[in-house]
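Right, one structure below, let's go through it.
The values are calculated or read from the model by the stated rules, or taken from the named source; none is laboratory data. Quantities reported herein were computed from a predicted structural model and do not represent experimental measurements. Neighbour counts run over all protein chains shown; Cβ positions are idealised from the backbone, glycine included.
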Amino acid sequence: MAKKATPAKTGGNMKNFEERLERLETLGEQIRKTDIPLDEALKAFEEGIRLAQTLENDLEKIENRIELLMNSADAPADESPDLELFDDDARH
């Protein structure tokens, strides 16, 4: 029986942003445990660093894309965009 490709996977082994962020949070929780062996903590830390770097790169790409869209020729030059979605107050 052939395995189905999961929608969460993109480009081979790459998981989507949310899954990688969740994994990073899980690794952080594991590292904070006092009963974790040092070698496991180190492996979790190394994986966390790699994940954090890929997440940071993805965020940079997203920010660049948003900036490009905001500065496109179709956007009115005299009107500032409504970025309420990104305000801290809007999330509460």
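Report, by residue number, each residue of region 53-89 that is within 26 Å of Arg23 (Cα to Cα), at pLDDT below 80 and assigned to a helix (DSSP H, G or I).
Leu85, Phe86
Is there any pair with a first residue in region 23-34 that is surrounded by 13 or more Cβ atoms within 10 Å (Cβ to Cβ) and a second that is of a type in the set (Val, Ile, Thr) whose Cβ atoms are under 7 Å apart and which are 6 or more apart or on different chains, and what are they?
Here the result reads Gln30/Ile36, each pair linking region 23-34 to a residue that is of a type in the set (Val, Ile, Thr).
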